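So the structure is just underneath, and the comments pick up after that.
The values are calculated or read from the model by the stated rules, or taken from the named source; none is laboratory data. Keep in mind it's a predicted model, so treat the numbers as computed, not measured. Glycine also receives a Cβ, built like all others from the backbone with ideal geometry; neighbour counts cover every protein chain displayed. SASA here: full protein model, heavy atoms, side chains in, ligands and nucleic acids out. Shrake-Rupley method; radii C 1.70, N 1.55, O 1.52, S 1.80 Å.
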Amino acid sequence: MGDEKGYLALILHAHLPYVRHPEHPDFFEETWLYEAITETYIPLIQIFRRLANEGIKFRITMSITPPLASMLQDSLLKERYLRHIERLIELAEREVDRTRWLPELNENAKMYLERFREARHLFADEYQCNLLAAFIALQDRGCLELITSCATHGYLPLMEISREAVNAQIKIATDYHRRTFHRSPRGFWLPECGFNPGDDVFLKQEGIRYFILDAHGVLFASPQPKYGVFAPVYCKSGVAAFGRDMESSKQVWSAKEGYPGDHDYREFYRDIGYDLDYDYIKPYIHPGGARISTGIKYYRITGKTHDKQPYDRDRALRKAAIHAGNFIFNRERQIEYLASVMNRKPIVVAPYDAELFGHWWFEGPEWIDFLIRKATYDQRVFKLITPGDYLNIYQRNQVSTPSLSSWGYKGYSEVWLEGSNDWIYRHLHKAAERMVELAKAYPDSDGLKRRALNQAARELLLAQSSDWAFIMKTGTVVPYAVRRTKEHLWRFTKLYEDILRDSIDEGRLQDMEYRNNIFPDINYMIYADKA
Amino acid sequence: MPNSEKTTEHSLSQGTDPSEAVEIHVSETIPELQVIEPRELHVGESPVQYQEAPGYAWDSRYEVPDRYESTRIVLMVRDPFWMHAYWEIAEDISDIVTTALGPEGWLASRKTLRVHDVTDIKFDGSNAHRSVDIDIHEHATNWYINVDRPNRSYCAELGLIGSDGRFLCLSRSNTVRTPRAGASEVIDEEWMTISAIEKYYSAPTALPASPEMISAISERMHLEMGSEFVGEISSPHMAQRAKPRQFWLNAFVEVIVHGATEPDASLIIQGRPVRLRPDGTFQVRYALPDGEQIVDIEAMSKDGAMRRSITTRLTRNTW
């Protein structure tokens, strides 16, 4: 411990649902991954690497969920990303020509061309298409603490009826994390911060030392936490719960007051995929012909007007620096105050979706860059830390049982349990029950039966992703989410019936394995664990 | 100039020495004018109309089953004041109903959810702190249940109330605990260090019994802080757009410069190299602002010995 008064823990939660369609040459929903690679993961890697190379010491916590890590390791998706970025480079080249007589747009077109070329170079040449290697290197250099999340981002509070299913979501994830990142995760990102008292016992079994909750999950813990969210509490199992700080959260998240809405920042919604002549843009949008975002956006937010002004990169970066300074100033005051009323050094926990940075908030990665630099050089009040580091400093903590909670709208489970999506649970619960039944009825099977049992576990896990219920609720690509839920359930049920009848259709099984290949090393016997 | 009509006029002239153009075929129609059709730019409904990927057509065999032929009710917690129950009544339960309620049992009885407060007790079917009956529609298979007291344990029974008022339980649910709606009233502090964990870990983990405390859900939940924004961000990358505005019109002008030269020649337009197609044709597209623009097109043979160039002047006036 130095002479700092407290700590700031910046936590980036990187997650995308498992979307991979080998059966189709050009699948729209796969572009979620490609966009996130170009706009978020690569910019973050570039920034962290540069900071580390300059000898700046910093600590950031990052959860990389198993579905995301699996996609980043998948050879088909790697190939497709290359094709995607090459197409984007081609479009950006055409844009540099097209905007030749519009100097303000032309500057931006050149910026995109350069970014895309750099992204391609970093992805293909520097990391041989394996971005996980970049994150592992940053972990090994002491910059990142990588943590995991549920196997397929299942939302645990609504899985409570099957303790075995909760156990499997946690155990499969931690096993996968150890194999992928060569270290045991100290922390666990509960999907949507969804916590049900008692789930900590499963985390404990996997050697997890902490998880993150929304503020009220800790504030409403019992007994009342003495330090609120500014120190962790131990569940009775001994796993620590850290609570989200509302103040720092609001500065970044809030639609009205948050930084990302600043008029100088890039406007997310004005994309040339919508703006340009149809025939010209057609090769670069949805294969079915629908206009979608390309990632090339020339305007800044400007204000509440449809008459958007061209994006001015320098001006936007100056603003990102100002906002980083403002964030630090506020943390300094907050931490000074907290330190004066607490008899220990407070920790301010600031978790965000990683994809906010770069994808939605274009200047977000640079904001993090400025934040780390300014925190290192311009102030002495606080240090960047990870929750795991904090637990090493303060091993004695208050014991308190956190409250059931999530960070979704209204703070509980309503987002994932309402009119649009409540129909899924009877099927998910039934499938989980059947999976446990299978594991107990056919322990340690081999050959075809083992393959079928393992694939049944994969289909169940994929059906459980919280993303589908979320999409059904938010109404973006509802048919896709409904379809994914039903298809995984259908495949699960077919396998269940086949296994019981002892007549496994190998052709169909092979097709399922080809489509849904997540967790190649899965062992279905996890569902027979005493939970 | 919103809502005002725009007219665009283009005057084009092809300059430079005509004799230079002999060896290059340049289509007479160049530069070609394309007045971009007005269309929605940042208005309208959700921009992404869901499109089926070709070859990924919905197959109705994937439908989930209507029933699993087991009588069962499951309770889930939505928030401190709401729970959700879903259930199924299997066909084979008819006999039980007939035995219990007589041949007219189904018709003469009302389907009912009986919700029990079973906080900190081992429920035996009759020792609940409180029980509430909810009449449910004959064909309903799920229900949202409002409970006035948070931080309590509940279970629900699905059953029939016969004409004589007797309750026939068909299935009893799991027990769930709703969360607190405010800070805990328990303020006794308890501390531990990592080394002390194992003791707690093996200790019985019954939740502490807590007296009632109904306080408003914290301000944050009423504030619905940043909900729209948060919702968008944590969704997969999908644009949601602004509300429609008033009647509107946009018009832009782009020109296409196209032509052909020897397939192995190199071509420079406006100082930038342009890739030729295998047959030697090329096409470049420019957004044309108001004013005058000069287009320099220069081709050079592979051996560098031959050069041809064409210069075009474009003028656009919008008013």
Flag if A:Gly198 is in contact with a Phe, Trp or Tyr (Cβ under 6 Å, 6 or more places away or on another chain) and within 12 Å of chain B (Cβ to nearest Cβ): no
Scope the stretch B:173-193; condition touching a Ser or Thr at 6+ places or on another chain (Cβ under 6 Å) and within 7 Å of chain A (Cβ to nearest Cβ); matching residues: B:Pro179, B:Arg180, B:Gly182, B:Ser184, B:Val186
State all residues of the stretch A:405-431 that are within 11 Å of A:Leu158 (Cβ to Cβ) and part of a loop (DSSP other than H, G, I, E, B); if no residue qualifies, say none. A:Ser406, A:Tyr412, A:Ser413, A:Leu417, A:Asn421, A:Asp422
Kindly establish whether A:Ile335 is open to solvent by less than 10 Å² (accessible area, probe 1.4 Å) and under 23 Å from the mean Cα position of the chain (by Cα). no
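Evaluate the stretch B:298-313: report whether one residue or more is within 17 Å of A:Thr99 (Cβ to Cβ) and touching a Lys or Arg at 6+ places or on another chain (Cβ under 8 Å).
Scanning the stretch B:298-313, I find no residue that is within 17 Å of A:Thr99 (Cβ to Cβ) and touching a Lys or Arg at 6+ places or on another chain (Cβ under 8 Å), so the answer is no.
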Against the definition (within 11 Å of chain B (Cβ to nearest Cβ), assigned to a helix (DSSP H, G or I), of a type in the set (A, V, I, L, M, F, W, C) and surrounded by fewer than 24 Cβ atoms within 10 Å (Cβ to Cβ)), how does A:Val96 come out, yes or no? yes
From the options A:Gly303, A:Gly288, residue that is within 8 Å of chain B (Cβ to nearest Cβ), assigned to a loop (DSSP other than H, G, I, E, B) and more than 24 Å from the chain's Cα centre (by Cα): A:Gly288
Matching strands (runs of 3 or more DSSP E) fully within the stretch B:262-319 where at least 1 residues are under 22 Å from A:Ala109 (Cα atoms): B:266-269, B:272-274, B:281-287, B:291-300
Restrict the check to the stretch A:380-389 and report whether at least one residue is of a type in the set (A, V, I, L, M), assigned by TED's automatic domain parsing to the domain that holds A:Ser503, touching a Lys or Arg at 6+ places or on another chain (Cβ under 8 Å) and open to solvent by less than 40 Å² (accessible area, probe 1.4 Å). no
Limited to the stretch A:16-27, what total is found for residues that are more than 9 Å from every other protein chain (Cβ to nearest Cβ) and under 14 Å from A:Ser465 (Cβ atoms)? 2
Note on A:Ile85: of the conditions (1) surrounded by fewer than 16 Cβ atoms within 10 Å (Cβ to Cβ); (2) under 19 Å from A:Glu35 (Cα atoms), unmet is (1)
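Take the conditions at negative phi, open to solvent by 10 Å² or more (accessible area, probe 1.4 Å) and of a type in the set (Val, Ile, Thr) and apply them to A:Thr485. Does it pass?
The answer is no for A:Thr485.
Tell me which residues, restricted to the stretch A:28-39, are touching a residue at least 60 places away in the same chain (Cβ under 8 Å) and facing another protein chain (nearest Cβ under 9 Å).
Those that are touching a residue at least 60 places away in the same chain (Cβ under 8 Å) and facing another protein chain (nearest Cβ under 9 Å): A:Phe28, A:Glu29, A:Thr31, A:Glu35, A:Ala36, A:Glu39.
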Only unsatisfied item for B:Leu249, checking (1) among the hydrophobic types (A, V, I, L, M, F, W, C); (2) under 29 Å from A:Lys308 (Cβ atoms); (3) facing chain A (nearest Cβ under 9 Å), is (3)
Report, by residue number, each residue of the stretch B:298-319 that is open to solvent by less than 40 Å² (accessible area, probe 1.4 Å) and either among the acidic types (Asp, Glu) or in contact (Cβ under 8 Å) with a residue 60 or more places away in the chain (or both). B:Ala299, B:Ile310, B:Thr311, B:Thr312, B:Leu314, B:Thr315, B:Arg316, B:Thr318
Which residues, counting only those in the stretch A:352-364, are in contact with an Asp or Glu (Cβ under 9 Å, 6 or more places away or on another chain) and either part of a helix (DSSP H, G or I) or on the phi < 0 side of the Ramachandran plot (or both)? A:Glu355, A:Phe357, A:His359, A:Trp360, A:Phe362, A:Glu363
Among the residues of the stretch A:248-266, how many are at the interface with chain B (Cβ under 9 Å from one of its Cβ atoms) and either closer than 30 Å to A:Arg83 by Cβ or touching a Leu at 6+ places or on another chain (Cβ under 7 Å) (or both)? 0
Any residue at all in the stretch A:55-62 that's under 24 Å from the mean Cα position of the chain (by Cα), within 29 Å of A:Phe519 (Cα to Cα) and within 13 Å of chain B (Cβ to nearest Cβ)? no
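Among the residues that make up the stretch A:128-142, is at least one of them assigned by TED's automatic domain parsing to the domain that holds A:Phe202, assigned to a helix (DSSP H, G or I) and under 30 Å from B:Asp296 (Cα atoms)? Lay out the reasoning, then the answer.
Taking the stretch A:128-142 first, the residues assigned by TED's automatic domain parsing to the domain that holds A:Phe202 are A:128-142.
Within this subset, residues satisfying the condition of being assigned to a helix (DSSP H, G or I) are A:131-140.
Filter again for under 30 Å from B:Asp296 (Cα atoms), leaving none.
Within the stretch A:128-142 (the criterion being assigned by TED's automatic domain parsing to the domain that holds A:Phe202, assigned to a helix (DSSP H, G or I) and under 30 Å from B:Asp296 (Cα atoms)), the answer is no, since none of the residues qualifies.
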B:Thr119 assigned by TED's automatic domain parsing to the domain that holds B:Glu88, over 21 Å from B:Thr71 (Cβ atoms), open to solvent by less than 60 Å² (accessible area, probe 1.4 Å) and in contact with a strand residue (DSSP E or B) (Cβ under 6 Å, 6 or more places away or on another chain): yes
